[in-house]
Each structure stands twice: as C-alpha cells, then as structure tokens.
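In what follows, a structure is listed as structure tokens, so that the remarks can point back to it.
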Amino acid sequence: MVRFFVESGAVAGKALTLTGENAQHARVLRLREGEEALVCDGRGREWLCRVADASCWDLEVLEERASETEARVAVSVYMAFPKADKLEHVIQKATELGACEIVAFPSARCVSRPDEKGLGKKLDRWQKIAASAAQQSGRGRIPQVLTLPSFAAALERAAQADKALMFYEHEEALTLKAALSEGSYGTVSLLTGPEGGLEEKEVDQARAAGLQVCTLGKRILRCETAPLCALSAVMYDAGEF
C-alpha cells in the first residue's frame, strides 16, 4: 500500500488533502478514487485513508492507529564522522533496519570534520535520506538525524539509554550477546568509531561515562559495517526478526 508522510497536524477530523510532493507522487502513481493509502505523521501515528477525489487529492480517513511497523525497542546509532558518503549509507540502512535516530559526532581520529557552514546543508540532505528510506521500508516514524559537537557530548547522551554500548576492536571479554543478556531494555545506544578506530583514552572515557565496551567478534569491521551489524543483532535479540 502506498505511504505518504505529512506534517504533524495535517490530518483534521476525517479528511485531508495531499499537497506538494505528496500530490505529485500520487499523480505519478495514478491513484484512483476508491483506492486506499496510508498517511503517516513520521512520529509513529498513521491513518488508513481512501481517495475521495483524485482531481484535488482529497482523502477520507477510515482509521487512525499507531504504526504497526515500528520496533518495540528504540535504538540510537551513534557514529563518528566517516569519510565520503559513508554516513549516508548508514543513515539509509539504519532507517530500514528500524533505528529511531542516527547521531554523528567527532572523535580523535576522524578525518572528516564538517564545518558549521556546510553542516546545515548536510543535515538537510541526511534527513531527506532518512525520510526516503522510511517511506520505502514502510516505517511509521522518520528517524531523526543529529550531530553533536564533541565525543564527550556523544558519551553523555548515549549513556542515558537502558543499554549504552560502545564497540572497540581490541575488546575481547564482553560480547554483544552477553551485554544484551543482562536484564531487559527498552532503549539502546550503539556507539562506533571512525575509519581509524577509537583511541584507548576514548575507550576509558566511555567506560567512565557508563557505557559498556563490547566486541563485535574477531574480525575488523569497516566503520560503516559495524553500526549496521550491531543494530541488526539488537533487533534480532529484541524479537524484531
């Protein structure tokens, strides 16, 4: 079923009208009167609708409900700024896998360090990538894409989750499976480093902030692979797969 994302508050009572890109998309899809569509606010609410008038894209609301495609666990992906367009890849795939937000931050070995001037345009593009991936994958929520000014800020924010995990290639004792098996959780933060990895002092900072430092196995994963691997494992453990 075709899915449209609208601004919160766009649905008034039992009717709404598609406008802008949504109307253009409906026209391209050649929706006809009587056909059904899902309208989502990007925050977890959705409306089952029927096309009442295809000439102006008026829709009749049949049912309002919580999105049926959102994960039961809220997972935040924290990724140190990578080179090139690797973050775009992670945003797209993390959205498809069910992440609730993607947070980028600088760390000691980051080669890429976007300046404030260019960051606004990048954030706008990243958010559009998340929105497109959410629509394609049938999400009821569009993950928020955020940036933080420092590694310390990322640690402080990530530590607020029920399970706050950081991954380090030299960790050998604590596996992700073991970390997830210790008690129940409703929120999870997953923090990974850049191409050159995290410095030992940063790992110490993470432990001091309350994060559990885990291994993702004996193989060294690329910076764009590690967060998606961890996210998939958490979703599997939570029963989403």
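The values are calculated or read from the model by the stated rules, or taken from the named source; none is laboratory data. The structure displayed is predicted, hence computed values, not measured ones. Because the Cβ atoms are built from the backbone with ideal geometry, glycine has one as well, and the counts that use them run over all protein chains shown. Only protein heavy atoms, including side chains, enter the accessible area calculation; ligands, DNA and RNA are left aside. Shrake-Rupley method; radii C 1.70, N 1.55, O 1.52, S 1.80 Å.
Restricting to bridges with both residues inside the chain, how much of the DSSP beta-bridge set is antiparallel, in percent to the nearest 5?
40
For the chain, set up a Gaussian network in which alpha carbons nearer than 10 Å are linked by springs, and say which option among V28, V103, V213 fluctuates the most.
Result: V28 has the largest fluctuation of those listed.
Roughly how many debye, to the nearest 20, is the charge dipole of the range 1-118 about its Cα centre, given +1 on each Lys and Arg Cβ, -1 on each Asp and Glu Cβ, and no other charges?
Using only the charged Cβ atoms, the result is roughly 560 debye.
Name the long-range amide H neighbours of V213: under 5 Å, sequence gap of 5 or more, or other chain; modelled H, no Pro or chain starts.
Amide H neighbours of V213: M166.
At a 1.4 Å probe, what is the % contribution of carbon and sulfur to the accessible area of the range 177-241?
Summing carbon and sulfur atoms, their accessible area is 50 percent of the total for the range 177-241.
Take the Cα coordinates of the range 73-149, assign each an equal point scatterer, and use the Debye formula without solvent to give log10 I(q)/I(0) at q = 0.15, 0.19 Å⁻¹.
Here log10 of I(q) over I(0) equals -0.47, -0.73.
Compute the Kirkwood hydrodynamic radius of the range 1-135, taking the inverse of the mean of 1/r over all pairs of distinct Cα atoms, and give it in Å to one decimal.
16.8
Determine the dipole magnitude for the range 119-238: charges of +1 sit on the beta-carbon of Lys and Arg, -1 on that of Asp and Glu, nothing else is charged, the reference point is the Cα centre, and the result goes in debye to the nearest 20.
640
Quick one: which residues, 5 or more positions from A104 or on another chain, have an amide H under 5 Å from its amide H? H modelled 1.01 Å from N in the peptide plane, none for Pro or chain starts.
Those qualifying (amide H under 5 Å, at least 5 residues apart or on another chain) are M79, L146, T147, L148.
Just the number please: accessible area per residue for the range 30-167, 1.4 Å probe, all protein chains included, in Å².
Heavy-atom accessible area per residue stands at 48 Å².
What does the convex hull of the Cα atoms of the chain come to per residue, in Å³, rounded to a whole number?
133
With all protein chains present, how much of the accessible area of the range 36-123 (probe radius 1.4 Å) comes from carbon and sulfur, to the nearest whole percent?
45
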